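**Student:** The structure is given below, and queries will be raised subsequently.
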Amino acid sequence: MAQKSQEKGVAGGMPVVTDPARVRNVVLVGHSGAGKTTLVEALLTASGTIGRAGTVTDGSTVCDHDPAAVRQQRSVSLACAPLLHDGVKVNLLDTPGYADFVGELRAGLRAADAALFVVSAVDGMDAATAALWEECAAVDMPRAVAVTRLDHPRADFDESVALCQRVFGDNVLPLYLPMLGDDGVSTVGLLGLITRRVFDYTAGLPADVREPDPEHLPAIAESRNELIEGIIAESEDESLMDRYLGGEEIGTDLLIDDLEKAVARGHFYPVVPVCAETGVGLDALLEVLTAAFPSPLEHELPAVAGVDGSPRPPLTCDPDGPLVAEVVKTTIDRHVGRVSLVRVFSGTLRPEQTVHVSGHGLAERGHPDHDADERVGHVYTPLGAALREVTACVAGDICAITKSGSAETGDTISAKDDPLLIAPWEMPEPLLPVAIVAKSRSDEDALARNLGRLVAGDPTLRLERNPETHQLVLWCMGEAHADVVLDRLRAGGVELETEPVRVALRETFTVPARGHGRHVKQSGGHGQYAVCDIEVEPLPRGAGFEFVDRVVGGAVPHNYIPSVEKGVRAQMERGLVAGYPVVDLRVTLVDGKAHSVDSSDAAFQTAGALALRDAAEKGQPTLLEPIDEVTIRVPDASVGAVMGDLSGRRGRVLGTEPDPDGEGRTLVHAEVPATELLRYAVELRSMTAGTGTFRRHLVRHDPMPTHLADQIRKESTP
């Protein structure tokens, strides 16, 4: 990763920003293929940050520097690309559009103060983008819309705006209209609705500004009236609407001022048509990003607490305040080591500064709680993979630091003498398991090293070493996420294979049975002699294991009775029919025989195991499968399909209810065998166009249907 600033295409260094008011942190969101990365590339070129725009197909863009992104020709991770426009530093945060990489999207939302929704004029938008708009609305995050790909023959700007208005709601209005060229197809300029001016890009950037032609006036007038009414409705000047309705001409400066305030408050959402390839609208979009979007001073900061959980006063975006920053992304570069992308919320982060790094609350995902004092080496402004060294990073800005020994995604960086913890952001649960196996012993060592690095940088990845199935399982967000994870492991020099994921089943008895265990061997000298008789009874689910001694007359010497129990327990761990642990039964030792010389602890352990196996041949043992309670969140239109699918998975629907956190959504509660949920993360996404999510937790074990249990028995028989 960390190339020097002299890397080809980087036009120069980034001046240090000392005033948070001169910073804008903007996250670009939208479905895969909408043109986010291409738009970032065009904005960087238009602002002079880079000399020449790269392309996604060539793998030469600033943001898609990850080898997996180049190979798949789509973004797979968060990237930061800052630019300067009109004295304002804009940190563009490019996020993946594919649902599997929602963790990278969450990190981008955390680091940003505003969101730019990128909508293709050709493909429209997906349901996940619509759901994300609702999520941003719930926290009043300022938003704007960029309609891209205007140069495509099937581009339809008017339909794209209408779609945004239907999906996003009120106050989604264009500031400009596309102006077609003489061929009636290509977009060569914009019609400014507030200024009533034409912005002609025929000669490239900057646009040639002139008066509109007569044929443009009707379109401008109609859309302008709607835009002005929307701006005035959000104005803090309550008399403005009366003046407008009374026929007064509202000044352009006043309209622009009210527009910028409404956008910054998250109450008005301007639409800007842009074409990354021809440069149309790029300067107009830059004006929206710098003039209308809020600075970090206007954005509410996350809550903080002491590392012991003690409450602390709210943060303020003050460069002179206490240092509080957050690691929003961690990558491991084979040459530089750990590279941490950091959003500074308070204070100033400087090179050679000793800081406290804290990470708490993600132990169940493979991130043990950790606290450490570390010295910051260098501080950089990242431009994709390139790192340009700076002298400081003030509150509100985003930077990168390298060679931290412990910093992981989501960690808090604070002052050494006053360590703090930032409230974590919501991170989805990975629900697609992938079992992996190293090909050799040397690969096992390399796998362990590389897994530690991956887990440190990706909180949506959970590592599980299942003690019952003896599998190493990576829990991922979906197939695309799993592909990227496996690619990164292989790129780290690990030869590995995947295998079917096994669900941890249980075995138990269905009827009482008796068992006889006889272990007698003579081989010269001391032999082995132990005989025991047991009775086995099934117990209720969850009752566990009971061992009862009912031997009379000393048939089994008292000191060997624990040996019988130990042998029974060992056999229960090994399983009886398919190699799974045996549960929920009572074993009663009723009789046996011993030899004064040849009996031993080991002999009676073996006899106890043999007795349980003998009882299993008569006790009709069965397999128990885990039953998970699942809560599925889906759009109302998908409820029927989801419930029908659950029935096909041997699920039992417990009920439905409206989702209290989202209008038009339903929560479906059901109980489903865990064996039916191995690929449910992928299949639910397919059924709901990427908008369905679910949670699961184990509730109990139930008997597996006979035909499925018989199949597992056959597969487990050598």
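The values are calculated or read from the model by the stated rules, or taken from the named source; none is laboratory data. Given the structure is predicted, the values throughout are model-derived calculations rather than measurements. Because the Cβ atoms are built from the backbone with ideal geometry, glycine has one as well, and the counts that use them run over all protein chains shown. Side chains are part of the model used for accessible areas, which takes the heavy atoms of the whole protein and leaves out ligands, DNA and RNA. Shrake-Rupley method; radii C 1.70, N 1.55, O 1.52, S 1.80 Å.
**Student:** Give the residue, chosen from Gly247, Gly321, Gly309, Gly279, that is at positive phi, open to solvent by less than 40 Å² (accessible area, probe 1.4 Å) and assigned to a loop (DSSP other than H, G, I, E, B).
**Tutor:** Gly279
**Student:** How many of the residues making up the range 686-703 are surrounded by fewer than 21 Cβ atoms within 10 Å (Cβ to Cβ) and out of contact with any helix residue (DSSP H, G or I) (no Cβ under 6 Å at 6 or more places or on another chain)?
**Tutor:** Looking only at that region, the number is 10.
**Student:** Quick check on my filter: what residues within the range 469-485 are modelled with pLDDT under 90 and open to solvent by 30 Å² or more (accessible area, probe 1.4 Å)?
**Tutor:** Passing the criteria: only His470.
**Student:** Which number in (1) under 30 Å from Thr55 (Cβ atoms); (2) open to solvent by 30 Å² or more (accessible area, probe 1.4 Å); (3) of a type in the set (S, T, N, Q) marks the one condition that Thr391 misses?
**Tutor:** So Thr391 meets the others, but not (1).
**Student:** Determine the pairs where a residue that is small (Gly, Ala, Ser), located within the range 350-361, has a partner that is open to solvent by 40 Å² or more (accessible area, probe 1.4 Å) and assigned to a loop (DSSP other than H, G, I, E, B) with Cβ atoms under 7 Å apart, the partner being 6 or more residues away or on another chain.
**Tutor:** Ser358/Val307; Gly359/Asp369; Gly361/Pro424
**Student:** Do we find a residue being more than 22 Å from the chain's Cα centre (by Cα), outside any strand (DSSP E or B) and surrounded by fewer than 19 Cβ atoms within 10 Å (Cβ to Cβ) anywhere in the range 661-672?
**Tutor:** So far as the range 661-672 goes, yes, one or more of its residues are more than 22 Å from the chain's Cα centre (by Cα), outside any strand (DSSP E or B) and surrounded by fewer than 19 Cβ atoms within 10 Å (Cβ to Cβ).
**Student:** Output the number of residues of the range 494-534 satisfying the condition of being polar (S, T, N, Q) and assigned to a loop (DSSP other than H, G, I, E, B).
**Tutor:** Narrowing the range 494-534 to residues polar (S, T, N, Q): 498, 508, 510, 522-523, 528.
So of that shortlist, the ones also assigned to a loop (DSSP other than H, G, I, E, B) come out as 510, 522-523.
Adding up the residues that qualify gives 3.
**Student:** Search the range 549-563 for residues that are in contact (Cβ under 8 Å) with a residue 24 or more places away in the chain and on the phi < 0 side of the Ramachandran plot and pair each with any residue that is assigned to a strand (DSSP E or B) and open to solvent by 60 Å² or more (accessible area, probe 1.4 Å) when their beta-carbon atoms are under 7 Å apart and the residues are at least 6 apart or on different chains.
**Tutor:** Val551/Asp591; Ala555/Asp591; Ala555/Lys593; Ile561/Asp549
**Student:** While we're looking at this one, here's another question. Which one is most open to solvent (accessible area, probe 1.4 Å), of the residues in the range 410-453 that are outside any loop (DSSP other than H, G, I, E, B) and free of Cβ contacts under 8 Å to residues at least 40 places away in the same chain? If you could, list the steps in order and put the result at the bottom.
**Tutor:** As a first pass, look at the range 410-453 and keep what is outside any loop (DSSP other than H, G, I, E, B): 412-415, 420-422, 432-438, 441-453.
Those left that are additionally free of Cβ contacts under 8 Å to residues at least 40 places away in the same chain: 441-442, 444-445, 448, 451-452.
On the way: Arg441: 175, Ser442: 79, Glu444: 91, Asp445: 88, Ala448: 55, Leu451: 2, Gly452: 45 Å².
Ranking the candidates gives Arg441 first.
**Student:** Right, something else. Considering only the range 673-685, state which residues are open to solvent by 60 Å² or more (accessible area, probe 1.4 Å) and either in a strand (DSSP E or B) or of a type in the set (Asp, Glu) (or both).
**Tutor:** Taking the range 673-685 as the starting set, the residues that turn out to be open to solvent by 60 Å² or more (accessible area, probe 1.4 Å) are 679, 683.
The answer is Glu683, and nothing else.
**Student:** I've got another one for you. With respect to the numbered conditions (1) of a type outside the set (A, V, I, L, M); (2) modelled with pLDDT of 90 or more; (3) in a strand (DSSP E or B), which one is the sole condition not fulfilled by Asp371?
**Tutor:** Among (1) of a type outside the set (A, V, I, L, M); (2) modelled with pLDDT of 90 or more; (3) in a strand (DSSP E or B), Asp371 violates only (2).
**Student:** From the set of residues in the range 190-244 that are buried (at least 16 other Cβ atoms within 10 Å of the Cβ) and of a type in the set (Lys, Arg), which is nearest to the chain's Cα centre (by Cα)?
**Tutor:** It comes out as Arg224.
**Student:** Further, regarding this structure: Considering Leu297, Leu341, Leu285, Leu315, which residue is aliphatic (A, V, I, L, M) and without any contact (Cβ under 8 Å) to a residue 40 or more places away in the chain?
**Tutor:** On the way: Leu297 fails: without any contact (Cβ under 8 Å) to a residue 40 or more places away in the chain; Leu341 fails: without any contact (Cβ under 8 Å) to a residue 40 or more places away in the chain; Leu285 fails: without any contact (Cβ under 8 Å) to a residue 40 or more places away in the chain.
From the options Leu297, Leu341, Leu285, Leu315, the qualifying one is Leu315.
**Student:** Looking at the range 486-504 only, could you name the residues that are open to solvent by 30 Å² or more (accessible area, probe 1.4 Å), more than 23 Å from the chain's Cα centre (by Cα) and among the small types (Gly, Ala, Ser)? Spell out the reasoning first.
**Tutor:** Restricting attention to the range 486-504, the residues satisfying the condition of being open to solvent by 30 Å² or more (accessible area, probe 1.4 Å) are 487-488, 490-493, 495, 497-502.
Checking which are more than 23 Å from the chain's Cα centre (by Cα) leaves us with 493, 495, 497, 499-500, 502.
Correct list: Gly493 only.
**Student:** Examine the range 343-360 for a residue that is part of a strand (DSSP E or B), in contact with a Lys or Arg (Cβ under 6 Å, 6 or more places away or on another chain) and open to solvent by 10 Å² or more (accessible area, probe 1.4 Å), and state whether such a residue exists.
**Tutor:** Among the residues of the range 343-360, at least one is part of a strand (DSSP E or B), in contact with a Lys or Arg (Cβ under 6 Å, 6 or more places away or on another chain) and open to solvent by 10 Å² or more (accessible area, probe 1.4 Å), which makes the answer yes.
**Student:** Going through Phe117, Phe199, Phe157 one at a time, which residue ends up being among the aromatic types (Phe, Trp, Tyr), in contact with a Pro (Cβ under 8 Å, 6 or more places away or on another chain) and touching a residue at least 60 places away in the same chain (Cβ under 8 Å)? Spell out the reasoning first.
**Tutor:** Values: Phe117 fails: in contact with a Pro (Cβ under 8 Å, 6 or more places away or on another chain); Phe199 fails: in contact with a Pro (Cβ under 8 Å, 6 or more places away or on another chain).
Within the list Phe117, Phe199, Phe157, the selection yields Phe157.
**Student:** Of everything in the range 689-715, what is in contact with a Lys or Arg (Cβ under 7 Å, 6 or more places away or on another chain) and among the hydroxyl-bearing types (Ser, Thr, Tyr)? Give them in sequence order.
**Tutor:** Thr693
**Student:** Further question: Does Leu105 satisfy the criteria of being modelled with pLDDT under 95, more than 18 Å from Ala276 (Cα to Cα) and out of contact with any Phe, Trp or Tyr (no Cβ under 8 Å at 6 or more places or on another chain)? Working first, answer last.
**Tutor:** Working: modelled with pLDDT under 95: yes; more than 18 Å from Ala276 (Cα to Cα): yes; out of contact with any Phe, Trp or Tyr (no Cβ under 8 Å at 6 or more places or on another chain): yes.
Yes; evaluated as a whole, the condition is true for this residue.
**Student:** Might you let me know whether the range 199-208 holds any residue that is of a type outside the set (Lys, Arg), in contact with a helix residue (DSSP H, G or I) (Cβ under 8 Å, 6 or more places away or on another chain) and modelled with pLDDT of 90 or more? Talk me through it step by step, then tell me what you get.
**Tutor:** Quick first cut of the range 199-208, residues of a type outside the set (Lys, Arg) only: 199-208.
In the following step, the residues that additionally are in contact with a helix residue (DSSP H, G or I) (Cβ under 8 Å, 6 or more places away or on another chain) were identified as 199, 205-207.
Narrowing the set further to residues that are modelled with pLDDT of 90 or more leaves 199.
The answer is yes, given that some residue of the range 199-208 is of a type outside the set (Lys, Arg), in contact with a helix residue (DSSP H, G or I) (Cβ under 8 Å, 6 or more places away or on another chain) and modelled with pLDDT of 90 or more.
**Student:** Pick from Glu657, Glu715, Glu617, Glu683: which is in contact with an Asp or Glu (Cβ under 9 Å, 6 or more places away or on another chain) and not hydroxyl-bearing (Ser, Thr, Tyr)? Walk me through it before giving the result.
**Tutor:** On the way: Glu657 fails: in contact with an Asp or Glu (Cβ under 9 Å, 6 or more places away or on another chain); Glu715 fails: in contact with an Asp or Glu (Cβ under 9 Å, 6 or more places away or on another chain); Glu617 fails: in contact with an Asp or Glu (Cβ under 9 Å, 6 or more places away or on another chain).
When all the criteria are applied, what remains is Glu683.
**Student:** So which residues in the range 394-407 are crowded, with 23+ Cβ neighbours inside 10 Å and either polar (S, T, N, Q) or in a strand (DSSP E or B) (or both)?
**Tutor:** Going residue by residue through the range 394-407, those that are crowded, with 23+ Cβ neighbours inside 10 Å are 394-401, 404, 407.
Selection gives Val394, Ile398, Cys399, Ala400, Ile401, Ser404.
**Student:** For the list (1) touching a helix residue (DSSP H, G or I) at 6+ places or on another chain (Cβ under 8 Å); (2) open to solvent by less than 70 Å² (accessible area, probe 1.4 Å), I need the number of the one condition that Arg518 fails.
**Tutor:** So Arg518 meets the others, but not (2).
**Student:** Can I ask one more? Working carefully through the options Val327, Val304, Val339, find the one that is open to solvent by 10 Å² or more (accessible area, probe 1.4 Å) and under 23 Å from the mean Cα position of the chain (by Cα). Walk me through how you get there before you give the answer.
**Tutor:** Working: Val327 fails: open to solvent by 10 Å² or more (accessible area, probe 1.4 Å); Val339 fails: open to solvent by 10 Å² or more (accessible area, probe 1.4 Å).
Selected residue: Val304, the only one of Val327, Val304, Val339 that is open to solvent by 10 Å² or more (accessible area, probe 1.4 Å) and under 23 Å from the mean Cα position of the chain (by Cα).
**Student:** Quick test of your reading of the structure: Cys164 fulfils all but one of (1) more than 14 Å from Phe268 (Cα to Cα); (2) open to solvent by less than 10 Å² (accessible area, probe 1.4 Å); (3) outside any strand (DSSP E or B). Name the failing condition by number.
**Tutor:** (1)
**Student:** Next question, about the same structure. Thr656 - would you say it is polar (S, T, N, Q), farther than 30 Å from Val536 by Cβ and under 24 Å from the mean Cα position of the chain (by Cα)?
**Tutor:** Values: polar (S, T, N, Q): yes; farther than 30 Å from Val536 by Cβ: yes; under 24 Å from the mean Cα position of the chain (by Cα): no.
So Thr656 fails the test.
**Student:** Looking at the range 352-400, which of its residues are of a type in the set (D, E, K, R) and closer than 22 Å to Trp425 by Cα?
**Tutor:** Going residue by residue through the range 352-400, those that are of a type in the set (D, E, K, R) are 352, 364-365, 369, 371, 373-375, 388-389, 397.
Matches in the range 352-400: Glu364, Arg365, Asp369, Asp371, Asp397.
**Student:** Go through the range 160-185 and give me each residue that's in contact (Cβ under 8 Å) with a residue 60 or more places away in the chain and either touching a Phe, Trp or Tyr at 6+ places or on another chain (Cβ under 7 Å) or farther than 25 Å from Glu234 by Cα (or both).
**Tutor:** Phe168, Asn171, Val172, Pro178
**Student:** When the range 251-276 is examined, which residues are found to be modelled with pLDDT under 95, buried (at least 18 other Cβ atoms within 10 Å of the Cβ) and of a type in the set (A, V, I, L, M)?
**Tutor:** Leu255, Leu259, Ala262, Val263, Ala264, Ala276
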